[in-house]
Structures are given as structure tokens and as C-alpha cells.
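The values are calculated or read from the model by the stated rules, or taken from the named source; none is laboratory data. Just so you know, these numbers come straight off a predicted model, no measurement behind them. Heads up, the Cβs are rebuilt from the backbone with ideal geometry, glycines too, and the neighbour counts pull from every protein chain shown.
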Amino acid sequence: MWRFASLPRAAFEVVAAALLLGLAGYALQGRPDLPGAPRATRADAARVADAEIALRAKFGDRMGGAQQYLIAADGAMRAGVPAAAIGFIRRGLKDYPRDPDLWLGFGNAFVVYNEGQVSPAAMFAFRRAAEIAPLHPGPPFFMGLALAQSGRFNEARELWQQLLARSPADAPWRDELEARIAELPA
């Protein structure tokens, strides 16, 4: 406080004007009665990323040249930086444009980036993965998961039931898929 007293008069006036301007702005626009809107922490984002990565490993093939990009993207997701994950996968898609796992990871990264909402970019990525590998279980599963997270339960159920109908009885993802279908609201 005493530091301001030793300022030259012109500097003191500038500081005082800035403070008064800030107070006036708060008086006009401030809303202390509004509840807070906490954001997800990096730890929350890392938990989501870990769950998504584990599911993708169950539903996908983790071999091939595109693996390096998925590993980098997984690290970015765990660090809570889905935008970086999108960048890593985008680079991978330049080198491996027909890799369904990269397209699947791309769609998942967009869903995480958009805080669980399905964006047109995510839908495009899931559809592209399904075009490249129509029998791959990942695209319909993760597209359904994204739809369910967005509240589009009927669309998710339809995709998952189609996947369940064509899945072998001993498929490693079958139990997970049945559990997800059972969890969907009616």
C-alpha cells in the first residue's frame, strides 16, 4: 500500500484509474450470485483417457506402423491434452490414411476434446474407420459409446445390437458390449 504513495502523481492516477475501471466493470457485469461451474481436472481427464485407451485395446488391433501415433496420442490424452492427441493422430493419418485404428482413435480423441459430445468430425472418423474395416468391432462400438455419452441412447442401442448380432459368441468384447446395452436407459 505504501508503495503507491511513493509513485509520481501521474503514475498514481493511472493505477487509481485502472482500479476504478475494474470496480466499475464488476459493478456493471459481476454476478456473485451465480453458482460456480467447475471444470474437469486433469486427473478426471486422465481417468477418462485411461478407460478409453483400455477399451480401444480390447476392441482394436494395436500392431502396425500406426502404433507410434496412437501411443503418442494416448500419452496426450492421459496428460489431459486431447487437442495434442488429435494432432498426433492427424499426422499419423497422413502416413497411414487407411488405418482403421487411427481413424478410431481420431474419433475418440474428438469426443474427449468435445467433453463427451459427438461432433461431425468424430462421426466422420468413426464412419471412415467402418468403411476401411467393415467387420472391425471398434467403429460401431465407439460410435455407439459416443452417441450414448451425448444422450442419443436409441441410436447407440441400435448400433450395439447390430454389432452384438454379428459378434462371435467367444468374442472378447461381447461381455462389455452386452453390459453397455443393458446400462442404456429405456
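General observations
- Condition check for R78: of a type in the set (D, E, K, R) and in contact with an Asp or Glu (Cβ under 8 Å, 6 or more places away or on another chain): yes
- When L55 is tested against the conditions (1) closer than 19 Å to E155 by Cβ; (2) at pLDDT 95 or above, the lone failure is (2).
- Options A165, A169, A130; residue that is in a helix (DSSP H, G or I), surrounded by fewer than 24 Cβ atoms within 10 Å (Cβ to Cβ) and either modelled with pLDDT under 90 or out of contact with any helix residue (DSSP H, G or I) (no Cβ under 9 Å at 6 or more places or on another chain) (or both): A165
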